[in-house]
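Please treat every number below as a calculation from the coordinates, not as lab data. Bear in mind that the values here come from a model prediction, so they are computed numbers and not experimental data.
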Amino acid sequence: MSRKHNENVLPPAYEGVERHLMALFYSGVYVTNADIVKVGKLLGLELPLKDRMALLKQIMHHAHENNMKSQMMQGFMQLLQERTKIYNDLAQNFPTAAPLIQQWIQKARSTIMLLQREMRSNPYE
């Protein structure tokens with residue numbers, strides 16, 4: 001199996017996380033390619049700006065191969081917490097939009113809880 005093919009297949013422990021992070025509908029946050037590059041830097045990776053999915057897979061492979069799952073999850077949790085703070089400010093400044101923004105906040109918090117759960121989970125269970 002070639003290296004290129006391996007990079008396209010995620011370790012099973014990360015498949016649900018990948019789908020959740022990449023879908024605004026589930027996470028409440030649009031994770032940009034710049035956000036993913038920023039998390040990659042926390043893991044010691046220098047990544048070019050390119051397709052979000054390719055970047056995320058590269059980070060997840062790196063985390064898996066280098067036993068850095070918790071650091072990766074922490075990076076994404078920090079990103080989501082930062083966005084939640086921004087959403088709270090928006091909800092306060094634009095009260096008519098607050099009901100919609102509260103949905104985003106709830107989804108972001110749920111995603112943080114998912115990441116915390118995944119960080120503690122045993123990939124061999």
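As I understand it, the value is the acute angle between the Cα axis of helix 98-120 and the longest principal axis of the Cα atoms of the chain; what does it come to in degrees, rounded to 10? Compared with the principal axis, the helix lies near 30 degrees. Can you tell me how the stretch 3-120 classifies by the Cα gyration tensor, rounded, prolate or oblate, using a/c under 1.5 as the rounded cut? Prolate, because a/c is 1.5 or more and a/b exceeds b/c. Around the amide H of Val29, modelled in the peptide plane, lies no amide H under 5 Å away from a residue 5 or more places distant or on another chain. Listed values for the stretch 79-90 are Karplus-derived 3J(HN,Hα) couplings in whole Hz (6.51 cos²θ - 1.76 cosθ + 1.60, θ = phi - 60°), namely 4, 5, 5, 4, 5, 4, 4, 4, 4, 4, 4, 4, and x replaces Gly and Pro.
Between the Cα long axis of helix 33-42 and the first principal axis of the chain there is an angle of about 60°, rounded to the nearest 10. Excluding same-chain neighbours fewer than eight residues apart, the lysines reachable from Lys57 by a Cα-Cα span under 21 Å are Lys4, Lys38, Lys41, Lys69.
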